[in-house]
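In what follows, a structure is listed as structure tokens, so that the remarks can point back to it.
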Amino acid sequence: MAILLFVVFLILLVINVPIAIGLAMSAVIVLAASSEIPLVMLPQKMFAAMDSFPLMAAPFFILAGKLMEHGGISERLVQFANSLVGRIRGGLAHVSIIACMFFAAVSGSATATTAAVGGIMIPAMVRAGYDRPFSTAVQSVAGTTGILIPPSVPMVLYGVSAGASISTLFLAGIVPGILVGLSLMAAAYLMSRSRGYRTDDQKVSLREIGRRFVRSFPAIFMPVIILGGIYSGLFTPTEASVVAVVYGLVVGVFVYKELDLNKLRGIFVSSAETTSVILLMIGTAALFGMVLTREQVPQSVAEWLASANLSSIEVLLLVNLLLLLVGTFMEVIAAIIILTPILLPVVTGIGVDPIHFGVIMITNLAIGLITPPVGLSLYVGSQVGGVRFEKLVRAVFPFLWIMIVDVLLVTFVPGLTLIGD
């Protein structure tokens, strides 16, 4: 039955059936064929999967990210980042990466980060003499920090799927997110130097740096409030997501004065649409997971690996390879929901901490965001930058190798993620 489940699911994916529908249909077909479980239980299973207090953090973080995305913070963050790193070789590339890291700590979304900062930075880089594919590639790759640097919606979903602490996951993602950002800056510096891209010749005074910091401070302070509140014990991650929404509304409406009723209406509708897709996927994935559990697929995979006498290093390399492969054709959220119950018993069986594995999984899937054929950040970057998809893929390729090195570091240096232990 497990083979039938995966065959049906893959066939549905090939014919472009939405993943959530594919998960439900494949599970229902297998359960109907076995006739061991009453189909009336399926809706109950779906609603039980969505009835989770920690899961409430996801829609609120999505809403908070959209409020800040449309609330006028991207331009202010870019100006502040430019005052910090604009004079380094390849300065505007570094500005893009730093601005994305700041924005990632606000939005928790890779595509939102790419779109918001890219709309400002790609035209600026082209005007400064950077070629358009390189400019768009930098933005697309830097946007992936959106799912690593907390608050991160994929981390919330992994925490719910794995039964792991979301606040600990947020803490674990900080160093890997910064590591990815710094490695991308190093790659951008070397590529800018080899191509002769100039620095920003405009000298910024300390007074101007201070002024730009003050303008961007409300945006920069948001993750401080969220993470500080969580780790000081003032509120839980779910409560922090609500605080983030209130803070985003106050900043967007009263401080930056960029949000009006029309914008807010669009933001609420867009957030509801995104949330509904995620919740539907979680509900249908619960059916899929029920079949996997009934057929003892996670245990079978773990037993097969144990019988193969593989070392822990070999197992982790295989898991990384699988995650990289899955990331090329499946969305991050779907991959987390489907693969967590299968792979978590395998890696915990060789002594890997669930928090550490969560960061490994999300870092791998971040690479999938810039890898065809799915590559959501590539499609967003292609639209924002006005670059053909094929050209953008070639321009992204050098950064891809850097991120694979980052994945290996995160995998085999647990201290990068388990800083709270």
| request: Show the residue pairs that are 6+ apart or on different chains and have beta-carbon atoms under 7 Å apart, the first residue being within the range 19-40 and touching a residue at least 12 places away in the same chain (Cβ under 8 Å), the second being polar (S, T, N, Q) and surrounded by 21 or more Cβ atoms within 10 Å (Cβ to Cβ). | output: Ala20/Thr284; Leu23/Thr284; Ala24/Thr284
| Counted residues, the range 336-355 - those being crowded, with 22+ Cβ neighbours inside 10 Å and either more than 24 Å from Glu295 (Cα to Cα) or in contact with a Gly (Cβ under 7 Å, 6 or more places away or on another chain) (or both) | 1
| query | What single numbered condition from (1) out of contact with any Phe, Trp or Tyr (no Cβ under 6 Å at 6 or more places or on another chain); (2) assigned to a helix (DSSP H, G or I); (3) of a type in the set (A, V, I, L, M, F, W, C) fails to hold for Leu418? | reply | (2)
| message | Looking at Ile3, Ile97, Ile37, Ile62 in this structure, which one is assigned to a helix (DSSP H, G or I), among the β-branched types (Val, Ile, Thr) and surrounded by fewer than 18 Cβ atoms within 10 Å (Cβ to Cβ)? | response | Ile3
| Test set (1) on the phi > 0 side of the Ramachandran plot; (2) buried (at least 16 other Cβ atoms within 10 Å of the Cβ); (3) of a type in the set (S, T, N, Q) - Thr363 fails condition number | (1)
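I want to confirm something. Restricting to the range 204-219 and keeping residues that are at pLDDT below 80 and more than 15 Å from Val95 (Cβ to Cβ), which single residue is surrounded by the fewest Cβ atoms within 10 Å (Cβ to Cβ)?
Taking the candidates together, the pick is Ser205.
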| task | Answer yes if at least one residue in the range 370-387 is without any contact (Cβ under 8 Å) to a residue 40 or more places away in the chain and either out of contact with any His (no Cβ under 8 Å at 6 or more places or on another chain) or assigned to a helix (DSSP H, G or I) (or both), and no otherwise. | result | yes
| request: Please find, within the range 132-146, the residue that is surrounded by the fewest Cβ atoms within 10 Å (Cβ to Cβ) out of those that are more than 17 Å from the chain's Cα centre (by Cα) and of a type in the set (S, T, N, Q). | output: Ser135
| query | Where in the range 221-323 are the helices (runs of 4 or more DSSP H), entirely inside, with at least 3 residues that are of a type in the set (Gly, Ala, Ser) and within 22 Å of Ile336 (Cβ to Cβ)? | reply | 237-250, 261-294
| query | Pairs under 8 Å by beta carbon, first residue more than 21 Å from Val156 (Cβ to Cβ) and touching a residue at least 40 places away in the same chain (Cβ under 8 Å) in the range 255-281, partner of a type outside the set (A, V, I, L, M) and in a helix (DSSP H, G or I), six or more apart or different chains? | reply | Tyr256/Arg76; Tyr256/Pro218; Glu258/Gly252; Leu259/Gly252
| query | Would a scan of the range 272-280 turn up a residue that is over 30 Å from Val347 (Cα atoms), modelled with pLDDT of 85 or more and not polar (S, T, N, Q)? | reply | yes
| request: Those residues that are farther than 16 Å from Cys100 by Cβ and aliphatic (A, V, I, L, M), I need them from the range 113-145; list them, please. | output: Val126, Ala128
| task | Tell me which residues, restricted to the range 10-63, are among the small types (Gly, Ala, Ser) and in contact with a Lys or Arg (Cβ under 9 Å, 6 or more places away or on another chain). | result | Ser34
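The values are calculated or read from the model by the stated rules, or taken from the named source; none is laboratory data. The shown structure was predicted, so the numbers you read here are calculated from the model rather than taken from an experiment. Methodologically, a virtual Cβ is constructed for each residue, glycine included, from the backbone with ideal geometry; neighbour enumeration extends over all protein chains shown.
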